[in-house]
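Taken together, the values in this text are just the output of simple stated rules run on the coordinates, not laboratory data. As the structure is a computational prediction, the values presented were derived from the model and not from experiment. Every residue, glycine as well, gets a Cβ built from its backbone with ideal geometry; the counts of neighbours run over all protein chains shown.
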Ligand SMILES: [Zn+2]
């Protein structure tokens, strides 16, 4: 399973469930109390070639391609998700909670308001594309 990590040093990188260290600074990742938020960018004709930026708790977590999906490792708790696309900065910024009982949350993002905003909705595992 491909996962995205963010080290305390600020490095954002993709790995998998066996990833233990940051490739930038070599620190051990503290993933003992972590779940994940899987973000799916629904296919859309707008801005297909340009990635959507992902922000969790105001920290950048890289980009996601059109129709792309990424599983971001986050600590248990409630997190604010924000997404941007070129000049589109308006987003509904939902709060998503992951817990030991429900360690993976699913959301899907799409354009709204004729492309002037991005809406992120809760989703089900069956909404996700194959990884
Ligand atoms: Zn690091």
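If I model a spin label as a point 7 Å beyond the Cα along the Cα-Cβ vector, how far apart are those points for residue 28 and residue 80 in nm?
Placing both labels 7 Å beyond Cα along the Cβ direction yields 3.2 nm.
Can you compute the radius of gyration and Dmax for segment 34-127, using only the Cα atoms, both in Å?
In order Rg, Dmax, the Cα atoms of segment 34-127 give 12.4, 38 Å.
Among 117, 69, 126, 87, rank each residue by its count of other Cβ atoms within 10 Å, from fewest to most, as a rough exposure measure.
With the sparsest Cβ surroundings first, the list reads 126, 87, 117, 69.
Given a Förster distance of 22 angstrom, what is the FRET efficiency for residue 16 paired with residue 102, based on the Cβ-Cβ distance and rounded to 0.05?
0.55
Using a Gaussian network model of the chain with C-alpha springs under 10 Å, which one of 101, 59, 38 is most mobile by mean-square fluctuation?
Maximum fluctuation in the GNM of the chain, among the listed residues, is at 101.
In a Gaussian network model over the chain where Cα atoms closer than 10 Å are linked, find which of 41, 71, 89 has the largest mean-square fluctuation.
Per the Cα network of the chain with a 10 Å cutoff, 89 tops the list.
For the chain, set up a GNM with springs between Cα atoms under 10 Å and report which of 109, 24, 36 has the largest fluctuation.
Between 109, 24, 36, it is 24 that shows the largest mean-square fluctuation.
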